[in-house]
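Colleague: Dropping a structure here in structure tokens format, bear with me for questions.
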Amino acid sequence: MEISEGLLGPLLLARSTIDRSAVLRQDTAWLERAWAEDRTRVVLVRKGETLVRRHEGGSDLVLLPPGQAPAGQRYLLGVDATNIAYFAVHAELPEISGAEVAGLRQAGALLGDRDAGLLVYAVALEAWHGTHEFCPQCGSRTEITAGGHVRTCPQDGSQHFPRVDPAVIMAVYDDDDRILLARGPQWPEGRMSVLAGFVEPGESLEQAVIREVLEEVGVTVKAPRYLGSQPWPFPRSLMLGFFARAATTELTRDPEEIAEARWFTRAELLAALESGDLRLPPPVSIARRLIETWYGDTLSGDW
């Protein structure tokens, strides 16, 4: 299988123009000065959503000066090339004329590089803070430190850092250059994607690819090849994309994981999309990139 170079641009949720400025997170004086500056900009985030303004050709985040941002947990996102600081604030989203509420799935593909990077970062931090309020060692309520990148226990002094769960996602193809797509039991008929699964402790990424495919559909794969990675903060995954060639093609589904699995030629895939019998993951996903890279062109037919 030849990978189409024209489809290997940046993954839509792996774009950013902001320096994360980790050294500044411990500088409380700088953080306060940055928050007091009128040119500092704030992205609001609530349950994975924010405010955006649509325009012809895309969308922009609604970025507020600190003085207009509602009170809430504050996280430093970084500094741009002109030394403008960006923060996220976890707060209720106010009504703003011309703005609408959207999440990454709706707006991620429409945002520019800067805004896509800011939003995926803000959503990931919000999700982590929402589930790590208490110390896992003693149960005390933790405090937000380091510009929102550490939670510190005031009782035992332990520090806790944002969690990222690595998951492999793989386009499996066979010697006849067919691609394997599958549907989870919770998905409606017609909605299909490539296989994916979490990396287990003590396991390499390549081992996870081989294990997950065998467990889910009974297919043995070989020679996993890495495509790229993309944050997927729903709530805290990092998706690591692979291609893998099938050494066997007979499908034996795990019914708890897979409701339907099928091999597609390019002609069969296109026909199913055109008839409406098949819908693919949204363009913002790495799953869509894997499928389109195998196909050799962009496709329509979103979930």
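Colleague: What residue among Gln137, Gln68, Gln230 has the largest mean-square fluctuation in a Gaussian network model of the chain, using Cα springs under 10 Å?
Modeller: Gln137
Colleague: With a 10 Å cut-off between alpha carbons and a GNM built on the chain, which of Glu189, Glu37, Glu95 moves the most?
Modeller: Among Glu189, Glu37, Glu95, the largest GNM mean-square fluctuation belongs to Glu95.
Colleague: Could you tell me which of Ala244, Tyr226, Leu214 has its Cα farthest along the dipole of the range 187-303 towards the positive end, charges placed at Cβ (Lys, Arg +1; Asp, Glu -1), taken about the Cα centre?
Modeller: Looking along the dipole axis, the top candidate is Tyr226.
Colleague: Out of Gly139, Gly78, Gly147, any idea which swings most in a Gaussian network model of the chain, alpha carbons joined below 10 Å?
Modeller: Most flexible of the set in this elastic network: Gly139.
Colleague: Less than 15 Å Cβ to Cβ from Thr17, Lys/Arg counted +1 and Asp/Glu -1: what total charge do the surrounding residues give? Display every interim value, and only then the final one.
Modeller: Working: positive: Arg15, Arg20, Arg41, Arg114; negative: Asp19, Asp60, Asp80, Asp113, Asp115.
Charge balance near Thr17 sits at -1.
Colleague: Which net charge results for the neighbourhood of Gly78, defined as the other residues with beta-carbon distances under 15 angstrom from its beta-carbon, given Lys and Arg at +1 and Asp and Glu at -1? Before the final figure, lay out each step's value.
Modeller: Values: positive: Arg15, Arg20, Arg25, Arg39, Arg41, Arg74, Arg114; negative: Asp19, Asp27, Glu37, Asp80, Asp113, Asp115.
Surrounding charge for Gly78 is +1.
Colleague: Let me ask another. By residue number, which cysteines of the chain lack any other Cys whose Cβ falls under 4.7 Å from their Cβ?
Modeller: Among the cysteines of the chain, those whose Cβ sits 4.7 Å or more from every other are Cys138.
Colleague: Please compute the net charge surrounding Glu256, taking Lys and Arg as +1 and Asp and Glu as -1 over other residues with Cβ under 15 Å from its Cβ. Don't skip to the answer; put the middle values down first.
Modeller: Details: positive: Arg183, Arg253; negative: Glu212, Glu215, Glu216, Asp254, Glu257, Glu260.
Once positives and negatives cancel, what remains is -4.
Colleague: Under the rule a/c < 1.5 gives rounded, and otherwise a/b versus b/c splits prolate from oblate, where does the chain land using the Cα gyration tensor? Mind dumping the intermediate values first?
Modeller: On the way: a/c = 2.35, a/b = 1.66, b/c = 1.42.
Prolate, because a/c is 1.5 or more and a/b exceeds b/c.
Colleague: In degrees from 0 to 90, rounded to the nearest 10, what is the angle of the helix 113-131 Cα long axis to the longest principal axis of the chain?
Modeller: For helix 113-131, the angle is close to 80 degrees.
Colleague: Ok, one more. Suppose every K and R has +1 on its Cβ and every D and E has -1 on its Cβ; what is the size of the dipole of the range 1-155 about the Cα centre, in Debye to the nearest 20? Before the final figure, lay out the partial values.
Modeller: Values: 15 positive and 19 negative charges, 69 e Å.
Dipole magnitude for the range 1-155 comes out near 320 debye.
Colleague: For the range 135-174, what does the alpha-carbon gyration tensor say about shape, rounded, prolate or oblate, given a ≥ b ≥ c as the root eigenvalues, a/c under 1.5 as rounded, and a/b over b/c as prolate?
Modeller: Values: a/c = 6.29, a/b = 3.00, b/c = 2.10.
Taking the square roots of the gyration eigenvalues as a ≥ b ≥ c, the range 135-174 is prolate.
Colleague: Have a look at Leu77, Pro94, Thr131 and report the one farthest towards the positive end of the charge dipole of the range 1-131, computed about the Cα centre with Cβ charges (Lys/Arg +1, Asp/Glu -1).
Modeller: Toward the positive end, the furthest listed residue is Thr131.
Colleague: Among 206-213, 255-262, how do they line up by average Cβ neighbours within 10 Å per residue, starting with the highest?
Modeller: On the way: 206-213: 21.0, 255-262: 15.1.
Going from most to least packed, we get 206-213, 255-262.
Colleague: A follow-up question, please. With runs of 4+ DSSP H residues as the only contributors, calculate the mean residue ellipticity of the chain at 222 nm using -39,500 (n - 2.57) per run, divided by the residue total and rounded to the nearest 500.
Modeller: -6500 deg cm²/dmol
Colleague: How large is the convex hull of the Cα atoms of the range 204-303 per residue, expressed in Å³ as a whole number?
Modeller: Details: hull volume 12.1 nm³, N = 100.
Measuring per residue, one finds 121 Å³ for the Cα hull of the range 204-303.
Colleague: Hey, got the dipole for the chain? About the Cα centre, +1 on K and R Cβ, -1 on D and E Cβ, debye to the nearest 20? Each step should come with its number before you reach the end.
Modeller: Details: 30 positive and 43 negative charges, 157 e Å.
Dipole about the Cα centre, nearest 20: 760 debye.
Since every read-out is calculated from the coordinates, none of them should be taken as a lab result. Treat the numbers as computed from the prediction; the structure is a model and nothing was measured. Neighbour counts are summed over all protein chains in view; Cβ atoms, including those assigned to glycine, are modelled from backbone coordinates with ideal geometry.
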